[in-house]
Amino acid sequence: MIDVTRRQALYLAGAGMATLAGCSESSDDSGTDDGDDGTEETTQLDGELPSYASLLAETDRSTSFYGAIDFETMSTIIDDEGAEAGDEPTDPLIGNPIVVALLCSFGLSQLANSRASTSYSANDETPSGEGELVFVDGVYALVGEYDRNGLAADLEDEGYDRETSEESYAVYTHTETGEAIGMTDEVYAFSYPNPDDDEFEAAAAVERTVETASGDREPKHATDDEFEALLRAGEPTGITLGLYTADDEFAADAIADDQPEDDAEALEFEFGAFEAAFGVHQQLSVEDSDASASAIVTYADDDRVDVERLESSLGTETDSLEVTRDGTVVSLEAEYSGGLA
């Protein structure tokens, strides 16, 4: 869980995007049911894989978490004049993706304040307004276009040590900060030691990410059909979030409502609605002062499906909510107006 207010994160993101060149200039048919009558409609599960699928590596952890946001959406949220005021959203259908944006914003601020910021800015060749930031299992990955040779030379000048150098990717670490950086021609990945997780190894996690992105390691969706189906079921644009376990259902600690005190301003993930599920894909699109959000929730069998829990916990602040059940898959689609504050 993270503990950061949206105002803090937006400030950090604004500073980070202003510092990092390449991040600073960006401008189905479904049925509806009330969750009580068991009506089932068809949910599309055969969509295209999202662009970030090639970064999602297999790990030895029981639960996988990923989030992604394109820079156009991040700029929209940062430029939203109402985003720095008002109450934080209490609806997890919109709140969880916003936390992904905050998490990615924090990653940008870390990079902007690191020794590698100058190297990144000088070698980022991503066209203005394009690019995507992905967070996957402890690693931030910027997807764009990069001068890998220039990055390598500049990182060495900044005191980074080369850990791995392959034809399609390389990994560097810094002794003082523990920062790990990996790059391909299209991905710049970075991570730091996690003081709350002694088992997390930043360099190994970064190498796993860039090795997968380069095609030298099979991505998770190539080895897990159910994970692939979840990726194909959701919309890939805007802000996306995924939570998945290879077990029949999430372990309790993976979805615990670890929330701040009532008088705190922090906004955190709320996954309690997904009890008994094994896969979740959430998506949020923002346009002007309006937003649309969706969630795909997958269960191992019919007995675990709990439409009532989903309806009572998600979409609590929406103007409209459509819920569709297709066997062990439940999809929710919602529309919001009036900004994200």
Query raised in the report: So, in nm, how far is label Leu49 from label Ala222 when the simple model puts each one 7 Å beyond its Cα toward the Cβ?
Result: 0.7
Query raised in the report: Which residues in segment 198-234 place their backbone N less than 17 Å from a point set 7 Å from the Cα of Asp326 along the Cα-to-Cβ direction?
Result: 225-234
**Report entry** Anisotropy class of segment 107-188 from Cα gyration tensor, a/c 1.5 cut
**Finding:** rounded
Report task. Kindly rank 141-149, 158-166, 319-327 from highest to lowest mean number of other beta carbons found within 10 Å of each residue. Result -> 141-149, 319-327, 158-166
Report summary line: Ordering 178-186, 301-309 by per-residue average of other C-beta atoms within 10 angstrom, highest first, gives 178-186, 301-309
Query raised in the report: Using the Cα gyration tensor of segment 60-248, with a ≥ b ≥ c the square roots of its eigenvalues, what is the shape: rounded (a/c below 1.5), prolate (a/b larger than b/c) or oblate (neither)?
Result: oblate
Report task. Could you work out the local net charge near Gly107, counting Lys and Arg as +1, Asp and Glu as -1, over the other residues with Cβ closer than 14 Å to its Cβ? Result -> -3
Query raised in the report: Just how large is the dipole of segment 60-248 about the Cα centre, in debye to the nearest 20, putting +1 at every Lys and Arg Cβ and -1 at every Asp and Glu Cβ?
Result: 60
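Read-outs throughout are calculated quantities, based only on the coordinates presented, and are distinct from any laboratory measurement. Given the structure is predicted, the values throughout are model-derived calculations rather than measurements. Counting neighbours? That spans all protein chains shown, and the Cβs are built from the backbone with ideal geometry, glycine included.
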